[in-house]
Amino acid sequence: MIITLSINNSLRVDSLTDLNKLMPLMKEGVLKLNKSKIARELDVDRRTVDNI
């Protein structure tokens, strides 16, 4: 069996609206995010990143 995956390996998060791109990957367990680091880089509270 040959499985072909189409994976975009370069995702850039510049704003809170960009986090919506990551949600499907995070819910499937494919990607584990460092939410605290993202919150620091976007200069928002960590709970804001958790709620998106």
With R₀ set to 30 angstrom, the calculated FRET efficiency between the beta-carbons of residue 27 and residue 4, to the nearest 0.05, is 0.85
Averaged per residue, the 1.4 Å probe accessible area of the chain, protein heavy atoms only, in Å², is roughly 89 Å²
What helix-only [θ] at 222 nm does the chain give? Using -39500 (n - 2.57) per DSSP H run of at least 4, over all residues, to the nearest 500, the answer is -8500 deg cm²/dmol
P(r) over all Cα-Cα pairs of the chain, 10 Å bins from 0 to the longest distance, whole percent per bin, short to long, reads 21, 53, 17, 7, 1
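The values are calculated or read from the model by the stated rules, or taken from the named source; none is laboratory data. No experiment lies behind these values; they were computed from the predicted model shown. Every residue, glycine as well, gets a Cβ built from its backbone with ideal geometry; the counts of neighbours run over all protein chains shown. Surface accessibility is based on the protein's heavy atoms, side chains included, excluding ligands, DNA and RNA. Shrake-Rupley method; radii C 1.70, N 1.55, O 1.52, S 1.80 Å.
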